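*Asks:* Mind looking over this structure? Questions follow.
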Amino acid sequence: METYGSGELGIKNPGEIHKNLNPSQLIEAALRRGEGSLSKTGALVVTTGKYTGRSPDDKFIVDTPGIHDDIAWGKVNRPISRDKFNKIKEDALAYLDGKEVFIFDGMAGADHKFTRKFRVINELASQNLFIHQLLIRPNEEELENYGEPDFVMLCVPGFKCSPEIHGVNSEAAIMIDYEAHYIVIAGSGYAGEIKKSVFSTMNYVLPKEEGILPMHCSANMDPVTGESAVFFGLSGTGKTTLSADPQRKLIGDDEHAWSDHGIFNFEGGCYAKCINLDPSAEAEIFNAIRFGAVVENVVMDPDTREIDYFDDSLTENTRAGYPIEYIGNAAVPGVGGIPKVVIFLTADAFGVLPPISRLSREAAMYHFVTGFTSKLAGTERGVKEPQPTFSTLFGEPFMPMDPSIYAKMLGDKLDKYGTKVYLVNTGWSGGPYGTGSRIRLGYTRAMVSAAISGLIDDVEYKYNEAFNVDVPQYCPGGVPEYIMNPRDTWDDKEAYDEAALKLAKMFHDNFRSKYPDMPTYIAEAGPNLGR
C-alpha cells in the first residue's frame, strides 16, 4: 500500500485510492457514484443530508498537556481526550475498508513564508472536489516537492459515531488534535466543516508559531499601490458585497492573516451563500456557479437543470464553492499590502449606531472582541424585536485561543502601521427595524470608499457620547449630511436616547459577562452608560 505521509494511510484493506485528481475527474467520479447531478451551467449539485450547516455542539479539541494552557476552553472549545479521538479515528478508518478513497494535497496560506500543507482524505469525490477548489492548489513543481503534510484531515460523513461507544454528543464529531497534527470529521456531510477546520487550525498555528494575526474577514486591495483594506462582519452585514469593489482587486472573501509583509488569503476559493441569489445584484457569484463549482442543498428542476435559488425548502444555508479565479477581479495569488483601513460592519436593527464612525485603537480592540450585529424580528422563531448578536472576533466558533491574545495582536498592528479603523452600520436609520429604514447600499458604499481613500480623514468630526466614537459630519459621494448623526434622523429624540441606552447596556452586559479579565482600557472604550 502506498504511504501518504504521517505514516501509512491507516486503512487495513483499502479499495481504490485516487490521489490529486483534477476537477473533471472528480466530477466524473461523483456522478458515477451517484453523489450529485450537473446543473444547467455545469456545476455539481449535491445534498448534504441531515447536516446542512455546521454542528457546533459536535466540535472538539483534543486536550493534551502541550496545548491545554493555550486554549480558551468552554462552550465553543470543548475538550476531548486523546483516547476518545483515537477510537473514533480508528473506527472511521476501519469503516473505509474496501471503499474508494479520494486524497487531495493542498495548502493554506497564500504567502509561502507561512503556508501550511493539508492532506485531505475524503470518502466522497464531491467533498474532495470541494476542498480542491477551496484550498490553494499546488502547481506541478509544488506537488512533486510536497513531502510530508503539516496536517492530515480524515473526512468520513458515512461513518456515524455512537455517543455511548465514543463519548460524543451525536453521530457527528469534528475534532482537531493540534499536537498530533490530525483532524477527523465524521458523521456530517456538510462540506463547510472541512473548510472551517482548516481555518480553526490556522487560527491556532499562526499566532502560536509565527506571531501572525488570523482574521475572519474579507479583503481587497488597490490594484496600483497594493494597499489593502479588510472587512469584518457577521452574516447579513454586507461583508462580501462591500468588499466586492470593481475598482479594487478581491484578495479573498473569508479567511486571512496579517503579517509584517501584509495580508494574505488562507484559501484559493470562495464559499458563498446563494439563497436568494440575484444575478443582477451579485453577478460575480452567479456567474461563478459553473463547471467545477460545487453547490450544496439547492433545489434544481430535474428536467431543465435550472437552480431555484429562492427555494429554501432544504435549508436557507445554501452554498456554492468555487475557485477564486472564477471571480473576474480576483488577486491571484491572494496577497496584499499592509491594510490602510479596517472596516467593522454591523447591521444595527435598533437604528441608533452612526452610519460610519472612527474608532480609537482601544475602541477598535473593543469592537473586534465584541463582534456585534443584530437579529431581526421574524428571522427566527421567537424573535419579536431586534436582538443583539455578539460573536467574539467576528468568528467565535473558529478562534481557539483567548480573545485577548488576538485583540492585543490587532492593537499592536494598528500602532505599528497607523491603520485607521471605522465602524460602519449597514442597518437602520430614522428608527428601529419596522419604523426606520435601512441605510441605502449606495450611501454605505460611498462611506466605505471615502474611508479607504482618505477623503474623510480631515473632515469635521463630532463625538458621539452614547457609543464613545467620533462621527464624520460630511462624506462625499452623495451621502446626505442629515444621516451622519443618527439622533437627528429620529422624530422622537427621547425614544432615540432610550434605544441608544438600551443597546449600550447590551454591549456592556455582554462584555462584562464574557470578558471579565479583559484589560480595563479595552472595556472602557465601549459604549457609555453615563460614566
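*Asks:* Of the residues in the range 457-489, how many are out of contact with any Leu (no Cβ under 9 Å at 6 or more places or on another chain), aliphatic (A, V, I, L, M), touching a residue at least 24 places away in the same chain (Cβ under 8 Å) and part of a loop (DSSP other than H, G, I, E, B)?
*Replies:* Number of matching residues: 2.
One line per residue, one yes/no per condition, for (1) of a type in the set (D, E, K, R); (2) closer than 22 Å to Met518 by Cα:
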| site | (1), (2) |
| --- | --- |
| Pro400 | no, yes |
| Asp415 | yes, yes |
| Lys420 | yes, no |
| Gly430 | no, no |
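*Asks:* Can you tell me which residue in the range 84-99 is nearest to Pro157 (Cα to Cα), limited to those that are aliphatic (A, V, I, L, M) and in a helix (DSSP H, G or I)?
*Replies:* So the residue we want is Ala92.
*Asks:* Something else about it: Restricting attention to the range 488-510, which residues are in contact with a Lys or Arg (Cβ under 9 Å, 6 or more places away or on another chain) and of a type in the set (A, V, I, L, M)?
*Replies:* Looking only at the range 488-510, we keep the residues that are in contact with a Lys or Arg (Cβ under 9 Å, 6 or more places away or on another chain), and these are 493, 496-497, 500.
Once the filter is applied, which keeps residues that are in contact with a Lys or Arg (Cβ under 9 Å, 6 or more places away or on another chain) and of a type in the set (A, V, I, L, M), the range 488-510 yields only Ala500.
*Asks:* It is to be established whether one or more residues within the range 393-407 are open to solvent by 60 Å² or more (accessible area, probe 1.4 Å), under 30 Å from Asp57 (Cβ atoms), within 24 Å of the chain's Cα centre (by Cα) and not β-branched (Val, Ile, Thr).
*Replies:* Within the range 393-407 (the criterion being open to solvent by 60 Å² or more (accessible area, probe 1.4 Å), under 30 Å from Asp57 (Cβ atoms), within 24 Å of the chain's Cα centre (by Cα) and not β-branched (Val, Ile, Thr)), the answer is yes, since at least one residue qualifies.
*Asks:* Here is a further query. Filter the range 100-117 for residues that are touching a helix residue (DSSP H, G or I) at 6+ places or on another chain (Cβ under 6 Å) and assigned to a strand (DSSP E or B); which is surrounded by the fewest Cβ atoms within 10 Å (Cβ to Cβ)?
*Replies:* Here the answer is Phe104.
*Asks:* Sticking with this structure for a sec: If I ask for residues that are open to solvent by less than 90 Å² (accessible area, probe 1.4 Å) and under 18 Å from the mean Cα position of the chain (by Cα), which ones from the range 296-325 would you list?
*Replies:* Within the range 296-325, Glu296, Asn317, Thr318, Arg319, Ala320, Gly321, Tyr322, Pro323, Ile324 qualify.
*Asks:* Give the residue that is least open to solvent (accessible area, probe 1.4 Å), with candidates limited to residues of the range 47-97 that are over 23 Å from the mean Cα position of the chain (by Cα), within 30 Å of Ala407 (Cα to Cα) and free of Cβ contacts under 8 Å to residues at least 12 places away in the same chain.
*Replies:* Once the filter is applied, the top-ranked residue is His68.
*Asks:* Hey, another quick one. Quick one: Asn220 ticks every box in (1) at pLDDT 95 or above; (2) surrounded by fewer than 23 Cβ atoms within 10 Å (Cβ to Cβ); (3) not in a helix (DSSP H, G or I) except a single one, so which number is it?
*Replies:* (2)
*Asks:* Sort out which residues of the range 27-46 are in a loop (DSSP other than H, G, I, E, B) and either within 27 Å of the chain's Cα centre (by Cα) or crowded, with 21+ Cβ neighbours inside 10 Å (or both), and write them in order of number.
*Replies:* Just the residues of the range 27-46 that are in a loop (DSSP other than H, G, I, E, B), to begin with: 33-36, 39-43.
Across the range 27-46, the qualifying residues are Glu35, Gly36, Ser39, Thr41, Gly42, Ala43.
*Asks:* Picking from Ile174, Ile121, which residue would you name as being assigned to a strand (DSSP E or B), closer than 25 Å to Glu35 by Cα and touching a Cys at 6+ places or on another chain (Cβ under 7 Å)?
*Replies:* Ile121
*Asks:* Quick check: is even one residue across the range 237-248 in contact with a Leu (Cβ under 6 Å, 6 or more places away or on another chain), in contact (Cβ under 8 Å) with a residue 40 or more places away in the chain and open to solvent by less than 10 Å² (accessible area, probe 1.4 Å)?
*Replies:* yes
*Asks:* For the range 414-428, how many residues are open to solvent by 20 Å² or more (accessible area, probe 1.4 Å) and in a helix (DSSP H, G or I)?
*Replies:* 3
*Asks:* Given the criteria open to solvent by 10 Å² or more (accessible area, probe 1.4 Å), within 30 Å of Gly158 (Cβ to Cβ) and among the small types (Gly, Ala, Ser), does Gly189 qualify?
*Replies:* Against the criterion (open to solvent by 10 Å² or more (accessible area, probe 1.4 Å), within 30 Å of Gly158 (Cβ to Cβ) and among the small types (Gly, Ala, Ser)), Gly189 qualifies.
*Asks:* Further question on the same structure: Provide a single number: the residues in the range 31-65 that are of a type in the set (Gly, Ala, Ser) and touching a strand residue (DSSP E or B) at 6+ places or on another chain (Cβ under 6 Å).
*Replies:* The total comes to 4.
*Asks:* What are the pairs, 6+ residues apart or on separate chains, where a residue within the range 260-281 that is more than 14 Å from Ala110 (Cα to Cα) and surrounded by fewer than 14 Cβ atoms within 10 Å (Cβ to Cβ) has its Cβ under 9 Å from a residue that is modelled with pLDDT of 95 or more and among the basic types (Lys, Arg)?
*Replies:* Short answer, once both residue conditions are applied: Asp260/Lys416.
*Asks:* Also: Please work out if Thr373 is of a type outside the set (Lys, Arg), at pLDDT below 95, closer than 23 Å to Tyr271 by Cα and open to solvent by less than 40 Å² (accessible area, probe 1.4 Å).
*Replies:* Yes, satisfied.
*Asks:* Let me ask something else. Go through the range 515-526 and give me each residue that's open to solvent by 70 Å² or more (accessible area, probe 1.4 Å) and touching a residue at least 60 places away in the same chain (Cβ under 8 Å).
*Replies:* Result: Asp517, Tyr521, Glu524.
*Asks:* Okay, moving on. Which residue out of Glu209, Glu179, Glu144, Glu164 is under 30 Å from Gly411 (Cβ atoms) and out of contact with any strand residue (DSSP E or B) (no Cβ under 9 Å at 6 or more places or on another chain)?
*Replies:* Unique residue meeting the criteria: Glu209.
The values are calculated or read from the model by the stated rules, or taken from the named source; none is laboratory data. Just so we're clear, the structure is a prediction, and the values are computed from it rather than from any experiment. FYI the Cβ positions are ideal-geometry reconstructions off the backbone, even for glycines, and counts take in every protein chain you see. Side chains included, ligands, DNA and RNA excluded: accessible areas come from the protein's heavy atoms. Shrake-Rupley method; radii C 1.70, N 1.55, O 1.52, S 1.80 Å.
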